[in-house]
1. Among 100, 67, 88, whose Cα projects farthest towards the positive end of the dipole of region 40-104, with charges put on the beta-carbon of Lys, Arg (+1) and Asp, Glu (-1)?
2. What does the extension gain come out to for residue 136 and residue 52, with contour length at 0.36 nm per residue minus their alpha carbon separation?
3. Under a cut-off of 23 Å between alpha-carbon atoms, report the lysines in cross-link reach of residue 121, not counting same-chain residues fewer than 8 places apart.
4. Within 10 Å of each candidate Cβ there may be at most 14 other Cβ atoms; applying that plus a DSSP loop requirement, which trypsin sites (Lys or Arg not before Pro) in region 56-107 survive?
5. Pulled fully out, how much extra length does the chain show between residue 43 and residue 158, if you take 0.36 nm times their separation in residues and subtract their Cα-Cα distance?
6. Cα centroids of region 42-99 and region 117-158: how far apart, whole angstrom?
7. Two decimals is fine: what is log10 I(q)/I(0) at q = 0.10 Å⁻¹ for region 32-157, from a Debye sum with one equal scatterer on every Cα and no solvent?
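Values in this text are rule-based calculations from the coordinates and carry no lab data. Bear in mind the structure is a predicted one, so any value in this text is a computation, not a measurement. Positions of Cβ are backbone-derived with ideal geometry, glycine not excepted, and every protein chain shown enters the neighbour counts.
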Amino acid sequence: MAFKKIIKITLIFLVGFLSANLINFYLIYGLEAPLLNLSSNSSPYDFIKEDQIIIEDDKIIINIEDASIGRYAPTGSMRPVLDYGSNGIRVKPDSEEDVHIGDIISFRKDGILIIHRVVEKGIDKNGVYFITKGDNNTAVDKKVRFKDIEYITVGILW
């Protein structure tokens, strides 16, 4: 009798576990097909060209128009690439075409500025979307729209 009870409890647990994972998969990934789907290990787009870097005896000059410096909170989501104390060189993107898979972007969600890597770019009924993920996170974020993107990190100084 106890054996049957253990089997029933195990089956109920397995059904619940599988159901929760299937629902989570559907909610995270949705039904839209991505334009391109690469792993989160994709390298950022090469924004800084060699002719923009000038090396002198006492300094290095990087010529980037309208760049600003980004500093990061110690959340750990982008370790080991970014962490508290890192300085990022960032630019404002002009269009969706400026944002590539592998890029590290800063975007607003619920008033908070989040810095994560673009792992997917796709199109749905509302237009182009981006899926992001912290390099040190296991789960991806919800869809990000271009209007929410404030910066693309084009360089990191430690």
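1. It is 88, whose Cα lies furthest towards the positive end.
2. Numbers: separation 84, 0.36 × 84 = 30.24 nm, distance 3.10 nm.
Here the segment from residue 136 to residue 52 would lengthen by 27.1 nm.
3. 92, 109, 133, 142, 143, 147
4. Numbers: sites: 59, 71, 90; in loops: 59.
Qualifying residues, ordered by number: 59.
5. Numbers: separation 115, 0.36 × 115 = 41.40 nm, distance 1.81 nm.
Length gained, residue 43 through residue 158: 39.6 nm.
6. So the two Cα centres are separated by 16 Å.
7. Debye intensities relative to I(0), on a log10 scale: -0.32.
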